[in-house]
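Following: one structure in structure tokens, then a few remarks.
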Amino acid sequence: MSELTLLLIRLAFLAVLWFFVIAAVGVIRTDLFGPRTAPASPRKTPKPAKQAAKPKKGEPRQLIVIAGPLEGTIINLTEQPITIGRATDATLVLSDDYASSRHARLFPQDGQWIVEDLGSTNGTYLDRSKVSRPTPVPLGVPIRIGKTVIELRK
Amino acid sequence: MSSESDAPVLMPAKRRVAHLAMLAGAVGIVILAYANVGLALEGSVPAGMLTYGAGLGGLVLIAYLVLAKWAPWADPLILPLVTLVNGLGLVMIYRIEEAGGNDASAATQLFWTAAGIVMFSGTLIALRDHRMLQRLTYTAGALGLLLLIAPLLPFIGHENFGARIWINIAGFTLQPAEFAKLALAIFFAGYLVAKRDVLALAGRRLLFIDLPRVRDLGPVLITWGISVGILVLQRDLGTSLLMFGLFVMMIYVATQRTSWVLIGLLLFVGGAAIAGMIFSHVGDRFDVWLDASNPIYYDRTFGGSAQLMGGLFGMGTGGILGTGLGQGHPNSIPLSFSDFIFAATGEELGLTGLMALLLVYGLIVQRGMRTALAARDPFSKLLAGGLSFVLAWQVFIIVGGVTRLIPLTGLVTPFMSQGGSALLANWILIALLVRMSDSARRPPPQAIQDEGLTQVFSR
């Protein structure tokens with residue numbers, strides 16, 4: 001085997017190795033920037049249809065925990081309601097003595113997200129006011145549950 | 001139900017195509033590396049290439065199918081990245097075996113890889129909900145402690161290379177510390193979920209850090225005592241550092257208090273310094289680390305710096321682009337197939353290859369940390385954070401040792417070094433991470449009724 005061939009194989013191998021690393025970073029890019037491009041999968045077709053069904057602008061996409069023990073947690077919003085509380089089957093499980101097991105619920109309705117207190121002991125607060133009936137949640141307004149503060153973001 | 005599951009779910013997607021493509025890429029790179037070794041050593045593609053390639057590919061495919069069935073929402077990157085590292089380790093061991101390295105055996109390593117993938121699949125199938133581990137908090141703690149002290153017991157304990165870290169059961173030698181790190185991570189996670197409030201809130205503020213109360217120092221002092229015990233009795237600086245680092249990191253994650261890290265660092269550095277002054281085998285390590293090129297240490301027959309310097313010379317010879325696979329002299333470094341596999345890889349793949357390798361490790365850890373961030377309950381957060389940290393910490397300790405950044409300790413390079421216990425334990429670790437990432441990325445459970453005050457929750 002000639003020196004030159006081996007040199008070329010060596011360089012090719014390193015290039016392939018780095019290509020793999022870059023491809024891996026490409027796969028997780030959606031983590032950082034969200035699904036900006038549709039994933040290259042056969043299930044591409046239903047997605048644009050469903051996005052068109054929803055009003056696009058001003059619609060929250062993520063629920064972010066901005067304070068409390070779970071700070072930094074991000075839940076991507078779907079059409080499913082989100083339950084919050086100490087119960088282990090809640091979507092967001094709080095370990096907080098000031099939260100009830102089924103504390104509050106967030107659900108989408110007509111393109112808006114509604115927060116509803118589920119009869120908690122210490123109450124749910126939207127900004128400064130206590131939530132007594134199902135109330136629409138605007139973008140970026142903090143919801144306080146015990147020591148945890150969450151808000152909706154785009 | 002079917003109309004419900006068609007409901008729009010934007011993210012996270014399962015990414016099956018990406019997952020399979022990355023897996024194929026990883027196996028392809030390993031086969032390419034294998035062919036490269038054969039071409040360089042014998043001038044022809046090695047005869048066993050198809051066997052090894054098909055063997056690794058088949059094993060990984062089994063792992064993928066198990067994952068797709070039992071953890072469909074799991075992260076699409078963890079398995080391909082681990083496959084790549086494991087495969088490159090196999091190639092390096094094969095290459096060292098061909099060059100005449102005694103004790104290096106690619107066939108054994110392939111067997112243990114298979115066993116590891118069986119453990120991976122078994123863990124995924126058996127453990128449907130990782131939160132049941134929380135109930136085993138104290139069982140896991142006791143098991144971890146038992147595994148740690150097992151090598152000290154008579155009859156089954158076994159001493160090798162001056163460290164007493166092996167046990168001998170029915171002809172198999174095991175390194176129980178590898179499994180202990182899993183059990184202890186589960187214990188620390190469960191314990192800290194229960195106790196973190198008192199560790200995080202009680203105490204007073206002094207200058208710029210919050211100091212804990214003296215009586216709350218109990219757990220950290222006990223862990224410190226155990227890790228110093230390992231250092232002194234088993235002569236194993238690596239495991240000692242691994243366990244203590246894991247505990248300090250997890251207590252920091254649980255409480256967000258910098259003072260725990262400072263206390264931990266001071267305790268460990270103090271303990272290690274005193275141990276270095278009192279016990280000669282610890283002191284030897286420090287001498288070799290600080291003054292490796294001194295001929296006194298280089299020529300010393302036991303505990304000398306020849307091995308360390310050999311690794312450094314190897315990486316120096318490799319330079320930026322390396323000598324090329326199969327064209328270096330990794331067999332001139334003692335233990336180049338286990339402790340020094342990183343240096344051997346560095347010689348043949350150069351800085352460029354090592355950086356890629358470290359990035360792959362970094363990405364595995366990043367996926368684990370990402371799982372911790374996305375997890376919805378505190379136990380999973382702590383466990384995922386702890387397990388991925390332990391992987392990163394292990395890579396840091398051994399790579400830091402080989403590159404003379406910190407004193408050299410005999411830890412394995414995860415997934416690369418030859419050794420059955422480490423491969424099994426690390427594949428189980430990856431199975432736990434995959435299980436947690438599956439539950440973290442799974443869309444929230446669907447309500448049975450659309451609206452209404454009462455809801456039926458399915459467990």
field: Breaking point among (1) crowded, with 21+ Cβ neighbours inside 10 Å; (2) polar (S, T, N, Q); (3) in contact with a Phe, Trp or Tyr (Cβ under 9 Å, 6 or more places away or on another chain), for B:T403
entry: (1)
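What number of residues in segment B:324-361 are open to solvent by less than 40 Å² (accessible area, probe 1.4 Å), at pLDDT 90 or above and within 14 Å of chain A (Cβ to nearest Cβ)?
Going residue by residue through segment B:324-361, those that are open to solvent by less than 40 Å² (accessible area, probe 1.4 Å) are B:324-326, B:328, B:330, B:333, B:336-350, B:352-354, B:356-357, B:360-361.
Filter once more, so that each one left must be at pLDDT 90 or above: B:341-350, B:352-354, B:356-357, B:360-361.
Now narrow it down to the ones that are within 14 Å of chain A (Cβ to nearest Cβ): B:345-350, B:352-354, B:356-357, B:360-361.
Count: 13.
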Selection count where residues are crowded, with 20+ Cβ neighbours inside 10 Å, at pLDDT below 85 and more than 10 Å from chain A (Cβ to nearest Cβ), scope segment B:11-61: 1
- prompt: Restricting segment B:280-302 to residues that are in a helix (DSSP H, G or I) and small (G, A, S), which is least open to solvent (accessible area, probe 1.4 Å)?
  reply: B:G283
- line: The one condition B:L262 fails out of (1) surrounded by 19 or more Cβ atoms within 10 Å (Cβ to Cβ); (2) of a type in the set (A, V, I, L, M, F, W, C); (3) within 30 Å of B:L387 (Cβ to Cβ) is (1)
message: Just the residues that are in a loop (DSSP other than H, G, I, E, B) and surrounded by fewer than 24 Cβ atoms within 10 Å (Cβ to Cβ), please, taken from segment B:234-251.
response: B:R235
query: Do you know which residues across segment B:365-417 are in a loop (DSSP other than H, G, I, E, B) and free of Cβ contacts under 8 Å to residues at least 12 places away in the same chain?
result: B:L405
task: Could you please tell me which pairs satisfy a Cβ distance under 7 Å, a separation of 6+ or placement on different chains, a first residue in segment A:115-134 that is buried (at least 18 other Cβ atoms within 10 Å of the Cβ), and a second residue that is aromatic (F, W, Y)?
output: A:V131/A:Y125
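Residue-wise test of (1) of a type in the set (S, T, Y); (2) closer than 24 Å to B:G283 by Cα; (3) assigned to a helix (DSSP H, G or I); (4) at pLDDT below 75.
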residue: B:V193; (1), (2), (3), (4): no, no, yes, no
residue: B:R215; (1), (2), (3), (4): no, no, yes, yes
residue: B:L221; (1), (2), (3), (4): no, yes, yes, no
residue: B:S227; (1), (2), (3), (4): yes, yes, yes, no
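Of all residues being within 9 Å of another protein chain (Cβ to nearest Cβ) and open to solvent by less than 10 Å² (accessible area, probe 1.4 Å) in segment B:362-377, which is farthest from B:V85 (Cα to Cα)? Just the residue, please. Walk me through how you get there before you give the answer.
Taking segment B:362-377 as the starting set, the residues that turn out to be within 9 Å of another protein chain (Cβ to nearest Cβ) are B:363, B:366-367, B:370, B:373-377.
Those left that are additionally open to solvent by less than 10 Å² (accessible area, probe 1.4 Å): B:367, B:375.
Working: B:R367: 15, B:A375: 26 Å.
Looking at residues that are within 9 Å of another protein chain (Cβ to nearest Cβ) and open to solvent by less than 10 Å² (accessible area, probe 1.4 Å), I get B:A375.
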task: Could you check, for segment A:63-81, whether at least one of its residues is touching a Phe, Trp or Tyr at 6+ places or on another chain (Cβ under 6 Å) and under 19 Å from B:S439 (Cβ atoms)?
output: yes
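The values are calculated or read from the model by the stated rules, or taken from the named source; none is laboratory data. The model shown is predicted, which means the values in this text are computed figures rather than measured ones. Glycine gets a Cβ as well: all are built from the backbone with ideal geometry, and neighbour counts include every protein chain shown. Each accessible area value is taken on the protein alone, full model and side chains, heavy atoms only, with ligands, DNA and RNA left out. Shrake-Rupley method; radii C 1.70, N 1.55, O 1.52, S 1.80 Å.
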